Amino acid sequence: MAINYSTILPHGFNLIEKIYPNPNDEWKQLIEAMKLVAKEIYEVDPQVILIASPHNLRIDGQIGIITSEWIEGIWWNDEKTKKAELKFKIDRNTSNLIYQRAKMMDLPIVAVNYGAAEGEYSSMKMDWGTMIPLWYLNEIYKQNKKDVPPVVLITPSREIPWSNLVDFGKMMNGVCVNNKIKSVYIASCDHGHAHDPDGPYGYHPASKVFDNQITELIQKNELNKILTLSPEFIDHAKPDSFWQMLILLGILEVSDLNNDLCVYGCPEYYGMIVATYK
């Protein structure tokens, strides 16, 4: 089975209402879209959740794939009075199949474990780019008294050629097809980070231009045109989304998936998109 559902999901902290209650209307719009996507993923009933995050291990010049037995994490609100906590199994078999195939293709990849070789102490820390999208999945699966499927966590490098990440997406889809693995792919992405002069990255007009272009390309099913963007422009826009979207582009090039939903918001200094491909 191919990857038969893919999504671009944001990871802004305020998306977790349990620890950041009373969101404003713009946050609410994104939250409702996240809930809809989680429901759709649940209905797809995947065996494996493939997710790429920009905030886990950042390995210079390499794609990382996590091969620990578990991934777990805690995220606190600003006052340290409320917390979100998650723990999931890693699908070590699928992770290793992807790793071995990538090595055969000479893609720059490393397999990463932490602590023990296996068991409870083989556990990688869960970053917010992984936790926040999976929080919504956990909620819908809990409501239905089921466990979230095991996870494959990918940590793409920003230093490798873009074509490597597109090829990685194609290859990952092929691994799922050849091994009859029913899966979904989540590109954990926040977009331009320079919307606010008071934000940590300051202001640059490229952030708004980037976000508008990405939103339009998603809606027109023309994500391949991100390859025409210049590295200088991307650097000015300060997204953390581009590399996970390159993996998605590879999947789209070898599948029949098309855009179905695209919701944009910018309630903070960074832009966020909830988009689905069915």
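How would you rank 274, 263, going from fewest to most other Cβ atoms within 10 Å of each one's own Cβ?
Details: 274 25, 263 18.
Fewest to most other Cβ atoms nearby, the residues stand as 263, 274.
Compute the separation of the alpha-carbon centres of the stretch 249-278 and the stretch 15-37 and state it in Å as a whole number.
Spelled out, the Cα-based centre of one part sits 17 Å from the other.
Ranked from highest to lowest mean number of other Cβ atoms within 10 Å per residue, what is the order of the peptides 67-74, 194-201?
The peptides rank, most packed first, as 67-74, 194-201.
Given +1 on the Cβ of Lys and Arg, -1 on the Cβ of Asp and Glu, and no further charges, what dipole in debye does the stretch 1-145 carry about its Cα centre, rounded to the nearest 20? Numbers along the way, then the final one.
Values: 16 positive and 19 negative charges, 41 e Å.
Using only the charged Cβ atoms, the result is roughly 200 debye.
Under a point-charge model restricted to the Cβ atoms of Lys and Arg (+1) and Asp and Glu (-1), what is the dipole moment magnitude of the chain relative to its Cα centre, in debye to the nearest 20?
Values: 26 positive and 35 negative charges, 153 e Å.
Computed about the Cα centre, the dipole is about 740 debye.
Among 152, 166, 209, what is the fewest-to-most ranking by other Cβ atoms within 10 Å?
Numbers: 152 29, 166 22, 209 14.
The fewest-first ordering by Cβ neighbours comes to 209, 166, 152.
Of 106, 260, 190, which has the largest mean-square fluctuation in a 10 Å C-alpha GNM of the chain?
106
Cut-off under 15 Å on the C-alpha distance; same-chain residues fewer than 8 positions from residue 125 excluded. Which aspartates and glutamates are left, in chain and number order?
In chain and number order, the partners are 69, 72, 85.
For a quick check of your reading of the filter: which trypsin sites (Lys or Arg not before Pro) in the stretch 35-97 sit in a DSSP loop and have no more than 10 other Cβ atoms within 10 Å? Intermediate results must be reported in sequence, preceding the final value.
Values: sites: 35, 39, 58, 80, 82, 83, 87, 89, 92; in loops: 58, 80, 82.
Qualifying residues, ordered by number: 80.
For Cα extents along the principal axes in Å, pick the label among [x] 61, 52, 35; [y] 45, 44, 34; [z] 66, 36, 34 that corresponds to the value derived from the coordinates.
For Cα extents along the principal axes in Å, the calculated option is [y].
How much of the DSSP beta bridge set in the stretch 8-131 is antiparallel, as a percent to the nearest 5?
Bridges in the stretch 8-131 are about 55 percent antiparallel.
What order do you get for 269, 114 when you list them from fewest to most C-beta neighbours inside 10 Å?
Values: 269 20, 114 16.
If I rank by nearby Cβ atoms, fewest first, I get 114, 269.
Be a star and scan the stretch 234-278 for residues whose amide nitrogen sits under 17 Å from the point 7 Å along the Cα-to-Cβ vector of residue 28.
264-268
Kindly work out what percent of the DSSP beta bridges joining two residues of the chain are antiparallel, to the nearest 5.
Details: 20 of 42 bridges.
If we restrict to bridges inside the chain, about 50 percent are antiparallel.
List the lysines whose alpha-carbon lies under 17 Å from that of residue 28, not counting same-chain residues fewer than 8 positions away?
18, 39
The numbers here are math on the coordinates, done by the rules we state, and not lab data. For clarity, every value in this text was computed on a predicted model and none was experimentally measured. Methodologically, a virtual Cβ is constructed for each residue, glycine included, from the backbone with ideal geometry; neighbour enumeration extends over all protein chains shown.
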